[in-house]
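**Q** Following this message is one structure expressed as structure tokens.
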Amino acid sequence: MKSKSEDDDPMTTSTEGARTAVPLDGPLARFRTAAYVTGVGLLGLCFVMVLRYAFGNAAPSAVYSPIHGVLYMIYLVLTIDLAIKARWSIKGTVLVLLAGCVPFVSFLVERRVTHKVKAGQKLY
């Protein structure tokens, strides 16, 4: 008979009745890197938007905006990868995905996600 801790453990999956551990170190490290890069990238985007609208210089935002878009897409893919492997709820996954859209929030959410995943706890 399975213990309650086995049923609640996000670090394991069931494959035809057998329990196998899913290593989350790689996906978590990739997510953390993407969260930091996205957070810094979003701050950079805010800076170039100030240059564009406050000072009338559109050149930096024309170059940087597509770069930021690619960085955010990478963040989305790596977050979904971790969410699938850690078995997050849809609500938790969407909230973490949206965290990459608000300046400084990606840094805070990265810390919370790292703590929860390492502790084997549910995200939300």
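**Q** Taking the range 86-95 only, how many residues are outside any helix (DSSP H, G or I) and either on the phi < 0 side of the Ramachandran plot or without any contact (Cβ under 8 Å) to a residue 60 or more places away in the chain (or both)?
**A** Of the residues in that region, 2 qualify.
**Q** Something else now. Any chance the range 74-83 includes a residue that's among the β-branched types (Val, Ile, Thr), closer than 17 Å to LEU24 by Cβ and in contact (Cβ under 8 Å) with a residue 24 or more places away in the chain?
**A** There is at least one residue in the range 74-83 that is among the β-branched types (Val, Ile, Thr), closer than 17 Å to LEU24 by Cβ and in contact (Cβ under 8 Å) with a residue 24 or more places away in the chain.
**Q** Please go through the range 106-117 and give me each residue that is surrounded by 15 or more Cβ atoms within 10 Å (Cβ to Cβ) and among the hydrophobic types (A, V, I, L, M, F, W, C), ordered by number.
**A** Listed by number, the residues that qualify are PHE107, VAL109, VAL113, VAL117.
**Q** Okay, moving on. Can you tell me which of LEU24, LEU45 is within 20 Å of the chain's Cα centre (by Cα) and at pLDDT below 95?
**A** LEU24
**Q** Turning to a different aspect of this structure: Out of the residues in the range 53-85 that are of a type outside the set (S, T, N, Q) and outside any helix (DSSP H, G or I), which is surrounded by the most Cβ atoms within 10 Å (Cβ to Cβ)?
**A** Looking at residues that are of a type outside the set (S, T, N, Q) and outside any helix (DSSP H, G or I), I get ALA58.
**Q** Is it the case, given these coordinates, that VAL40 is within 20 Å of VAL77 (Cα to Cα), among the hydrophobic types (A, V, I, L, M, F, W, C), modelled with pLDDT under 95 and exposed (fewer than 15 other Cβ atoms within 10 Å of the Cβ)?
**A** Here the answer is no, as VAL40 does not meet what is asked.
**Q** Give me the residue from the range 96-107 that is assigned to a helix (DSSP H, G or I) and out of contact with any Ser or Thr (no Cβ under 7 Å at 6 or more places or on another chain) and, out of that set, farthest from VAL37 (Cα to Cα).
**A** Only one residue tops the list, namely LEU98.
The values are calculated or read from the model by the stated rules, or taken from the named source; none is laboratory data. In this text the structure is predicted, and so the values were computed from the model without any measurement. Counting neighbours? That spans all protein chains shown, and the Cβs are built from the backbone with ideal geometry, glycine included.
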